[in-house]
Each structure stands twice: as structure tokens, then as C-alpha cells.
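Reviewing the structure listed below.
The values are calculated or read from the model by the stated rules, or taken from the named source; none is laboratory data. Predicted, not measured: the structure shown is a model, and the values here were computed from it. Glycine gets a Cβ as well: all are built from the backbone with ideal geometry, and neighbour counts include every protein chain shown. For the accessible areas, the whole protein counts, side chains as well, though only heavy atoms, and no ligand, DNA or RNA atoms are used. Shrake-Rupley method; radii C 1.70, N 1.55, O 1.52, S 1.80 Å.
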Amino acid sequence: MFFDTHAHYDDPAFDNDRAEVLAGLKDHQISLVMNPGSNVASSHAAIQLAETYDFIYAAVGVHPHEAKDIADHDLNTLETLAAHTKVKAIGEIGLDYYYDHSPRDIQQLRFRQQMALAEQLRLPVIIHDREAHGDCFQIVREFPQVIGVYHCYSGSLEMAKQLLDLGWYLSFNGAITFKNARKSLEVISYMPMDRLMLETDAPYLSPVPFRGKRNDSRRIPLVAEAVSAIRHMSLEEVARVTTENGKHFFRIP
Ligand code: NI
């Protein structure tokens, strides 16, 4: 059984067949899904999905792309939403200097505010860090009480070691099946197995040979296969360990 620790089923890409896709997941050995929010509306939608499906859990937060579109009162809304029993994290939050959809100072401000919210609520965080490794890690270190996961980890082995020392987790998706994945594979071969989680980032980042197509949780075994090859573990063992890690990290009974 697999735990897809990062999938966006509230995304419009699933508007035509969301119920169908979700209904089929259990038959494909997907037992749990974490659906992070990307803005306030999407956080609401994530909770709605978690209320409808017993195997879906939600995180609430504002993605760095959307940082420019939120107001201070939206942070109060996130705080209210986070009280829901199926909300297990604040996310996804962080910095994205690749697309720069929001000005960097605004991204940093909203990131810090949501880290503070996680600290206050004692919730873990789900981090999005693209081409912003230095600033992102600096802000992470400003909140030593907060534990989190770097989703789609793309940093160096050196930074991974420091994050692991702080008790953080790293999660990986279809990107590790791409040709340029050398750095991630190095991190996966080094890191302790009890800090590794699997995800799809659906509808994005379909693993090879489906690269470029819409992704969903049914493709997570392809990610697990890549990990099992690097770690010389069976697919079943990778599935079991990573699912346990996800349940532990998100405090899912
Ligand atoms: Ni995401």
C-alpha cells in the first residue's frame, strides 16, 4: 500500500473525472493521499475532498506563486481552516525563484508568516523550494520548533544532510525518473530510509514513460521502483516504509 504525500486533486485538471480517479485509487494499492492547498480557495477545496474521502487528508496554505494575491486576513482564515480534524499540515508554502510569479520579498513575508502559524498550531509544514535554496533554508532555520518536509527535493546533498540533522523529511516524485535526476538519486542513496516519503505532485511531474501527461496517484509505484533500485530494497518494502514515514510525519493514526 502506498501513501501519496503530495497530490493536488482540487486542481482543475481533474474537473472532468475527479470522482472516477479517486474511486479507483484503492484498487491500485493507494491507501492514503495528502492534498495540500495552494491558496485559500484551494485549501477549502482540499478540506472538502478530505471530508468526502476517508483516505484523503488535507494541508492548508498559500503557495509562493500565489503569495502576492493574499491579504493579512487570509492568514486568519488559514488558522481557522487548520483546526479541521483532517488538516495535518501547513502547506504548501515556500519560495519559487524559478517562476517568480510573486515578488521575492512578498514570497518571503508570506512564507515566514505561515511558518509562524505552523509553530503556533504545532503543525508540520510542506515546503516548496525551487531555485531558492539559500533563502528558503535560512527561513526554515528561523523556526527551530517547526518540522517539515521538502517536497520534490531538489537541493544539494550538503543541504539534505543539514535538513536531516534538524529532523526534517524529504519527499520525491516522478522527477527522479527524469534524465537529469543525478543529484536527487545521490540524496536518496545517502539518506536514512525513515525520512523519505513518496509523492506524485499530481497533476504534474508524471514519471517516465508518462512524462508530460497528467499525473495521478496510480503512478506512484513508478517512483517507488526508482527508489527500490537505488536502495536495493523490494518494492513492497519501499511501499511499507514510506507509508509508515508519511503516517508518522503527518500524525495519521
Ligand atoms: Ni505541489
- Task: Within the set of other residues whose C-beta is less than 14 Å from the C-beta of ILE252, count the net charge using Lys and Arg as +1 and Asp and Glu as -1.
- Result: +1
- Item | Stokes-Einstein translational diffusion, the range 2-249 - Kirkwood Rh over all Cα pairs, 1.567 mPa s, 4 °C, in µm²/s | 73
- Message: Quick check: residue separation of GLU244 and GLN145 times 0.36 nm, minus the Cα distance between them. What number comes out in nm?
- Response: 33.4 nm
- Task: Starting from the Cα of ALA116, step 7 Å along the direction of its Cβ; do the same at SER189; then give the gap between the two resulting points in nm.
- Result: 4.4
- Item | Cβ-Cβ FRET estimate between HIS84 and LEU164, R0 fixed at 25 Å, reported to 0.05 | 0.25
- Normalised by the residues of the range 2-249, what does the relative contact order come to in percent, with Cα pairs under 8 Å and at least six apart? 18
- Item | Test item: Cα-centred dipole of the range 2-249, Lys/Arg +1 and Asp/Glu -1 on Cβ, debye | 580
- Where in the range 102-123 is the amide nitrogen less than 15 Å from a point lying 7 Å along the Cα-to-Cβ axis of LYS68? 102-110
- Task: Roll a 1.4 Å probe over the protein chains and send me the accessible area per residue for the chain in Å².
- Result: 44
- Message: Net charge within 13 Å of HIS28 by Cβ-Cβ distance, Lys/Arg positive one each and Asp/Glu negative one each, not counting HIS28 itself?
- Response: -1
- Task: Please label the shape of the range 65-169 as rounded, prolate or oblate, based on the square roots a ≥ b ≥ c of the eigenvalues of the alpha-carbon gyration tensor (a/c under 1.5 means rounded; beyond that, a/b larger than b/c means prolate, else oblate).
- Result: oblate
- Task: Determine by what factor the alpha-carbon radius of gyration of the range 1-43 differs from 2.2 N^0.38 Å, reporting the quotient.
- Result: 1.19
- Task: List, in order, the whole-Hz ³J(HN,Hα) value for each residue of the range 57-67 obtained from phi through the Karplus relation with A = 6.51, B = -1.76, C = 1.60 and θ = phi - 60°; use x for Gly and Pro.
- Result: 10, 10, 10, 10, x, 10, 5, x, 4, 9, 4
- Helix-derived [θ] at 222 nm for the chain: sum -39500 (n - 2.57) over DSSP H runs of at least 4, divide by residue count, nearest 500? -12500 deg cm²/dmol
- Item | trypsin sites (Lys or Arg not before Pro) lying in DSSP loop within the range 155-184, provided at most 14 other Cβ fall within 10 Å | LYS179
- Among trypsin sites (Lys or Arg not before Pro) in the range 210-248, those in a DSSP loop whose Cβ has at most 12 other Cβ atoms within 10 Å are LYS213
- Note on the structure: The FRET efficiency for SER156 and HIS28, from their Cβ-Cβ distance with R0 = 30 Å and rounded to 0.05, is 0.30
- Item | Estimated FRET transfer efficiency (GLU236, ILE106; beta-carbon r; R0 45 Å; 0.05) | 0.50
- Message: Quick check: net charge around SER102, other residues with Cβ under 10 Å of its Cβ, Lys/Arg +1 and Asp/Glu -1?
- Response: -2
- Item | Where chymotrypsin sites (Phe, Trp or Tyr not before Pro) fall in DSSP loop in the range 34-138, at most 13 other Cβ within 10 Å | TYR98, TYR99
- Amide N of the range 89-126 lying under 15 Å from the label point, which is placed 7 angstrom from the Cα of ASN76 along Cα→Cβ: none
- Task: Show the residues, 5+ positions off or on another chain, whose built amide H is closer than 5 Å to the amide H of GLY91.
- Result: GLY37, VAL60, GLY61, ILE126
